[in-house]
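Here, each number is a calculation from the coordinates, and none is a lab measurement. Here the structure is a predicted model, which means the values were calculated and not measured. A quick note on method: Cβ atoms are made from the backbone with ideal geometry, for glycine too, and the neighbour counts reach across all protein chains shown.
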Amino acid sequence: MIIQVITGGLAGIVLGFIGEFTELNELIVFSVLAIAMVIPCFPVIWIGLVKSKQSLKEFLSLKFKVELIWPALILFLGLPVVISGVYNFIMWFFDLNTDLYGLIGLQRVNILLVWTVICFIMPVLEEIIFRGIILNGLLRHYRVGTAIFMSAIIFSVVHLNIPQGITALITGLVFGWIYYRTKYFLLPVIGHIIVNSMAILGSRYTEIDGFSNFKGSFQPLWLTLSGVLLTIAGFYLVHTNVNRFENMNKLNDNKEYVKDHSSL
């Protein structure tokens, strides 16, 4: 967080300096802020790996089971809708009416550039930090639930504002659970990419009050219910499929044990 605050301050100084010589536009502002978001991740990753004595190879694997991908995708498609509903409630409860994406000019910056930074680069780097390094490190010293919750809290705090912090807490809990249950790092990365993509693309290309924009109203009930049902179904399917694989592995281990001892 300290590095993030420092780079954020430096970004402000750089923008102020540039503004002395030329008129600032959305592309310049976004580019400077993007650099300020991305650059700090690399020293954080390096320090985290050194301090925790971990290697990227321990968790950075592209292996996965197809049988776990589709249940996770169902969960990830419902999750952004649930998060949007929570975000609406927070904005209503605290009487806020801030267009976050419009505030930093995302609506007018090239969509490919925005998607690359916000929906691909940052999710990969953040998952390496929060699920790869931090969660893995916490799991060595704390119970599973405690470790997942602590990593989600840290993920929430670094977002530095209440609405995003609360929604980040929810996604942090979900991604932490997915990673722990499946042991596949690729799944929370995919989930993070989908959540960010639906937020960015939804805000630009759809006109659904409460989902693509906040105008003091909640998103449609049908959308909220659809998101809740998809999320619950995704949780259930991931959980049952993981249990099925674990039972199959135990059965195979027992067969190998019996086979080895029967040959003695």
TODO: Step through the residues of region 176-189 one at a time and calculate ³J(HN,Hα) from phi using the Karplus curve (6.51 cos²θ - 1.76 cosθ + 1.60, θ = phi - 60°), rounding each to whole Hz and writing x for Gly and Pro.
DONE: x, 5, 4, 5, 5, 5, 9, 6, 10, 5, 4, 5, x, 5
Open item on the list: Can you list residues from other chains, or at least 5 along the same chain, whose modelled amide H is less than 5 Å from the amide H of residue 185?
Closed with: 61
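Show me 118-126, 137-145 ranked by packing, highest mean number of other Cβ atoms within 10 Å first.
118-126, 137-145
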Open item on the list: On a full-extension model of 0.36 nm per residue, what is the gain between residue 110 and residue 161, subtracting their alpha-carbon distance, rounded to one decimal in nm?
Closed with: 15.8 nm
Open item on the list: Spelling out what I want: for every residue of region 137-153, take phi, set θ = phi - 60°, compute 6.51 cos²θ - 1.76 cosθ + 1.60 (Karplus), and round to whole Hz; glycine and proline get x.
Closed with: x, 5, 5, 6, 10, 10, 5, 4, x, 5, 5, 5, 5, 5, 5, 5, 4
